[in-house]
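To keep things clear, I will list the structure first and then write my remarks on it.
The values are calculated or read from the model by the stated rules, or taken from the named source; none is laboratory data. These numbers were taken from a predicted model, which means no experiment stands behind them. FYI the Cβ positions are ideal-geometry reconstructions off the backbone, even for glycines, and counts take in every protein chain you see.
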Amino acid sequence: MKTYKFRINGKPYQVDINGIEGKIAEVSVNGVAYSVELDDEVAAPAAPAAPAAPAEAAPAVQTVQAPVPEAAPASPAASGQGTTVHSPLPGVIISIDVREGQAVKKGQKVAVLEAMKMENEIQSDVDGTVKAILVQKGDSVLEGADLLTIG
């Protein structure tokens, strides 16, 4: 097994390449298992005891370029200014239902995200006041992207 550590947009990821057979790589990203289809078949190493060169594993790493395996729960913002609400999956912001300075309750809808032609309500995980809105209507966001800060 080969392990790589990445930092994407300031967030750490540990990618373990558990095995590659033909065009399918079995990997885990931050402990979540994935089967990844590679563009090109990777030749198996001649001797199992010999460590693979990093260049041989590069296609698998490129294929899993920036997945965030699970929706990040709301977490304290780096500046200590409140709690950040994250996108639970990749998609397009189709509405922002709060404004800066507005009081919100835990479970209140703060935004709507369209993903795979379905609308997903994004809800506040805490009571508080909206400190900052970090996205706009029409923005494409990745899974785990910061949407807004509630303090």
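At a glance:
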read-out: In the range 20-38, the residues that are over 13 Å from Thr3 (Cα atoms) and of a type in the set (Ser, Thr, Tyr); value: Tyr34, Ser35
read-out: Selected residue (criterion: nearest to Leu142 (Cα to Cα)) from residues of the range 83-108 that are under 21 Å from the mean Cα position of the chain (by Cα) and not aliphatic (A, V, I, L, M); value: Pro90
read-out: Selection within the range 1-16 - surrounded by 12 or more Cβ atoms within 10 Å (Cβ to Cβ) and either closer than 22 Å to Gly144 by Cα or out of contact with any strand residue (DSSP E or B) (no Cβ under 6 Å at 6 or more places or on another chain) (or both); value: Tyr4, Phe6, Ile8, Lys11, Tyr13, Gln14, Val15, Asp16
read-out: Candidates Val68, Val130 - the one that is at pLDDT 85 or above and either more than 16 Å from the chain's Cα centre (by Cα) or in a loop (DSSP other than H, G, I, E, B) (or both); value: Val130
read-out: Selection count, the range 107-123, where residues are touching a Leu at 6+ places or on another chain (Cβ under 9 Å) and buried (at least 17 other Cβ atoms within 10 Å of the Cβ); value: 4
read-out: Number of positions in the range 134-151 that are crowded, with 18+ Cβ neighbours inside 10 Å, under 19 Å from the mean Cα position of the chain (by Cα) and in a strand (DSSP E or B); value: 5
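Per-residue answers, yes or no, for (1) modelled with pLDDT under 55; (2) not assigned by TED's automatic domain parsing to the domain that holds Asp146; (3) not in a strand (DSSP E or B):
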{"site": "Asp40", "(1), (2), (3)": "no, yes, yes"}
{"site": "Ala47", "(1), (2), (3)": "yes, yes, yes"}
{"site": "Ala58", "(1), (2), (3)": "yes, yes, yes"}
{"site": "Leu89", "(1), (2), (3)": "no, no, yes"}
{"site": "Glu100", "(1), (2), (3)": "no, no, yes"}
